[in-house]
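The values are calculated or read from the model by the stated rules, or taken from the named source; none is laboratory data. Keep in mind it's a predicted model, so treat the numbers as computed, not measured. Methodologically, a virtual Cβ is constructed for each residue, glycine included, from the backbone with ideal geometry; neighbour enumeration extends over all protein chains shown.
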Amino acid sequence: MAAIEINLASRDARLIHRHPVTKLWRNDPAALAAVEDADIVLVNGEGTIHHGKPTAASLAQLGPYCARRGKPCFIINATIQANSQEVMHDLAACSGLWVREGRSAGEAKRWGIDAEICGDLSFFHVLPEHDDGGDRGLVLDSAHPDVTAALGQVAARLRADFVAMRHNKRGMKSYRKRWLRRRYETGKPTEIVPGIDTFQKFAAFLARRRFLVTGRFHGLCFALNSRVPFSATPLDVWKSEALLADVRLHPDRMLRDDEAPKPFSSREIDLISTYVADIRGRIPIMFDRILAN
């Protein structure tokens, strides 16, 4: 969202309304009024438009709703996978669709929809580079409690710190009692890492680690951005595997066992640098085209 805000503000665009994905826009009079008043409707697709989820249908429905009112509607930063015919038909009514990886672009094309690859918007930000002096690894939780429980055991075996990729004004939530499996299964961290209350501070925290094992897609994005050696757990959506394919990294960067992630080879560093530079160049072009309407 910070990348969206910065790019809109730098092009003299003004946000008149923000609507959370967890709340149905059709049931919100303020959202409906904002659509009527707006010149452009911009949807941050994130990882929501897949497997026919209610959020996928809700976001896609903005396409035909806006089209009937002559309002340009753009879906950006999206992952598209295994949706119903109705959802894909609604996506086709949007004024433009930008996706995060090649597999989503291929899925859209299969339905006759032109989608452009722009990568995840987190790559817009220049993050701290990896500090090779770090001596401890880091394990990030998952949105799924069962995966979080398994990652807790990975953290214990690797003697790595275990944290939740969530923060508040107090700091980042941390799983400290690494041998208490039941505590991991609750999905509730036991302590707080103080002072980490922004994504920039989290990026600096991550850059000082020897490696990362992540159950979060954005943990993977941050690791690539900062060049932190990583392993990523498979998710219920192809976004992590698809991102690795786009970067052209070997699939063994997905977590297959409990070995600590290996340092990057010089070839991997070159591939990552090429990818990040390419995506960082695509993002402003996307916003230029959207706001030219």
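Here are the numbers:
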| read-out | value |
| --- | --- |
| Test result for Arg170, touching a residue at least 60 places away in the same chain (Cβ under 8 Å), surrounded by fewer than 16 Cβ atoms within 10 Å (Cβ to Cβ) and farther than 30 Å from Pro284 by Cβ | no |
| Failed condition for Asn7, given (1) assigned to a loop (DSSP other than H, G, I, E, B); (2) in contact with a Pro (Cβ under 9 Å, 6 or more places away or on another chain); (3) polar (S, T, N, Q) | (1) |
| Residues satisfying the stated conditions in the stretch 105-114, i.e. in a helix (DSSP H, G or I) and over 30 Å from Asp37 (Cα atoms) | Ala105, Gly106, Glu107, Lys109, Arg110 |
| Filter pass, Ala93 being buried (at least 16 other Cβ atoms within 10 Å of the Cβ) and in contact with a helix residue (DSSP H, G or I) (Cβ under 7 Å, 6 or more places away or on another chain) | yes |
| Scope the stretch 45-84; condition among the small types (Gly, Ala, Ser) and within 17 Å of Leu235 (Cα to Cα); matching residues | Gly47, Gly52, Ala78, Ala82 |
| Every residue from the stretch 214-237 that is touching a strand residue (DSSP E or B) at 6+ places or on another chain (Cβ under 6 Å), farther than 16 Å from Tyr275 by Cα and in contact (Cβ under 8 Å) with a residue 60 or more places away in the chain | Thr214, Gly215, Arg216, Gly219, Thr233, Val237 |
| All positions within the stretch 115-128 that are in a loop (DSSP other than H, G, I, E, B) and either touching a helix residue (DSSP H, G or I) at 6+ places or on another chain (Cβ under 6 Å) or assigned by TED's automatic domain parsing to the domain that holds Pro263 (or both) | Ala115, Cys118, Gly119, Asp120, Leu127, Pro128 |
| Matching residues in the stretch 77-89 - criterion: being out of contact with any Ser or Thr (no Cβ under 7 Å at 6 or more places or on another chain) and buried (at least 23 other Cβ atoms within 10 Å of the Cβ) | Asn77, Val87 |
| Lone qualifier among Asp114, Asp135, Asp141, Asp131 - being under 22 Å from the mean Cα position of the chain (by Cα) and closer than 26 Å to Ser174 by Cβ | Asp141 |
| Strands (runs of 3 or more DSSP E) wholly inside the stretch 147-252 containing at least 1 residues that are acidic (Asp, Glu) and modelled with pLDDT under 95 | 161-167, 191-194 |
